[in-house]
Amino acid sequence: MASADVRDDLRHLLNEWDPIGVADLAPDEYDCLVVPILTRLRRGADRAELRQFLLQELTGHFGLSNPYDVDGMTDRLTAWWASTRPVA
């Protein structure tokens, strides 16, 4: 999968998740997460690291006190990333 396709797919996943409820009005709201998530995934980050990153971003950057479905999104990211990797 081409790099732009991977970024677009990840953006779509983040907008579907939409933890602050603004994706319909601001479809680029979560773009700030795309490169950091991809960097972690490409480096081989495990589920715990991804979960921690999402929690940190939702509470620190987006200001949520009760982050929405972080575990579910972590699972989706992990499964999505596994599906983008070529079979050896």
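The angle between the Cα long axis of helix 3-17 and the main principal axis of the chain comes to about 40°, on a 0 to 90 degree scale. Residues in the chain average 59 Å² of solvent-accessible surface per residue, probe 1.4 Å, ligands and nucleic acids excluded. With the full set of protein chains in place, find how many percent of the accessible area of the chain is carbon and sulfur; take the probe as 1.4 Å. Of the solvent-accessible surface of the chain, carbon and sulfur hold 49 percent. Over the chain, the ratio between the Cα radius of gyration and 2.2 N^0.38 Å evaluates to 1.04. Working from Cα positions, state the angle (0 to 90°, nearest 10) between the long axis of helix 31-43 and the longest principal axis of the chain. Helix 31-43 sits roughly 40 degrees off the main axis of the chain.
Cα axis of helix 70-84 to longest principal axis of the chain: angle in degrees, 0 to 90, nearest 10? That helix lies at roughly 20 degrees to the long axis.
The values are calculated or read from the model by the stated rules, or taken from the named source; none is laboratory data. None of the values given here were measured: they were computed from a predicted structure. Remember, those area values only see protein heavy atoms, side chains included, never the ligands or the DNA or RNA. Shrake-Rupley method; radii C 1.70, N 1.55, O 1.52, S 1.80 Å.
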